[in-house]
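Have a look at the structure below, then the notes.
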């Protein structure tokens, strides 16, 4: 049973560029959340997708956008990249409702030059 | 808003020592509480959870009790191993689809020496 998978593993971009990160949830999960983890910090919630809609959003600018597909996989898009966007981006999946724990992927390490 | 605070600074222990990592939270409602562990180069793994006051979560020798009166969820282990070296995150989350985000503490680095 595959867990949460993310691609790519590492990515290097320059300021002003755009990036797309991808996530496939754990089998049977229907909800996908994205987190940004800066070096030495705890993960910060970006947004959550359920039934192909953004259900909740953290304190991130509109440069951060996402999408969920009918097969529950998801993309995170970041436009006009800034140096401060350098971080580990984590995807987590879960079953909607209750206190279902979120299962995390290994993340995409994004470096902005 | 909701927040989670973990003890500051890395923790360094010798193998078989007793471990405590403090976690306190501020919340407007009654969240579920979690401990996640992150090994180098990996994502977060759920270590244990508790969904209501006085619940005790436990896994792999680790345990934590949901203390509503002190708004705490301290992580303990009676005898740590070198393989326990990792970063530990305390987190809270409300149940239900509309409140699915996890709010994390800043993490505590644990290093265990042989």
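The values are calculated or read from the model by the stated rules, or taken from the named source; none is laboratory data. Source: prediction; values computed, not measured. Neighbour counts run over all protein chains shown; Cβ positions are idealised from the backbone, glycine included.
Residues that are at negative phi and within 14 Å of another protein chain (Cβ to nearest Cβ) within the stretch A:99-113 comprise A:99, A:100, A:101, A:102, A:103, A:104, A:105, A:106, A:108, A:109, listed in sequence order. If I filter the stretch B:61-93 down to residues being over 17 Å from residue B:5 (Cα atoms), within 16 Å of the chain's Cα centre (by Cα) and in a loop (DSSP other than H, G, I, E, B), which single residue comes out as farthest from the other protein chains (Cβ to nearest Cβ)? Looking at the filtered set, the residue picked out is B:78. Residues in the stretch B:24-49 that are assigned to a strand (DSSP E or B), more than 21 Å from residue B:84 (Cα to Cα) and either at the interface with another protein chain (Cβ under 10 Å from one of its Cβ atoms) or in contact (Cβ under 8 Å) with a residue 60 or more places away in the chain (or both): B:25, B:32. Of the strands (runs of 3 or more DSSP E) lying entirely inside the stretch A:16-57, those containing at least 1 residues that are within 9 Å of another protein chain (Cβ to nearest Cβ) and either in contact with a strand residue (DSSP E or B) (Cβ under 6 Å, 6 or more places away or on another chain) or more than 20 Å from residue A:80 (Cα to Cα) (or both) span A:31-37, A:44-50, A:53-57. Consider the stretch B:94-106 and keep the residues that are within 18 Å of residue B:4 (Cα to Cα) and surrounded by fewer than 22 Cβ atoms within 10 Å (Cβ to Cβ). The one that is modelled with the highest pLDDT is B:106.
Out of A:92, A:96, which single residue is crowded, with 16+ Cβ neighbours inside 10 Å, within 11 Å of chain B (Cβ to nearest Cβ), outside any strand (DSSP E or B) and in contact with a strand residue (DSSP E or B) (Cβ under 6 Å, 6 or more places away or on another chain)? Talk me through it step by step, then tell me what you get.
Values: A:92 fails: outside any strand (DSSP E or B).
That would be A:96, the only listed residue that is crowded, with 16+ Cβ neighbours inside 10 Å, within 11 Å of chain B (Cβ to nearest Cβ), outside any strand (DSSP E or B) and in contact with a strand residue (DSSP E or B) (Cβ under 6 Å, 6 or more places away or on another chain).
Counting only residues that are within 14 Å of another protein chain (Cβ to nearest Cβ) and either more than 15 Å from the chain's Cα centre (by Cα) or farther than 16 Å from residue B:61 by Cβ (or both), the stretch B:1-23 holds 11 of them.
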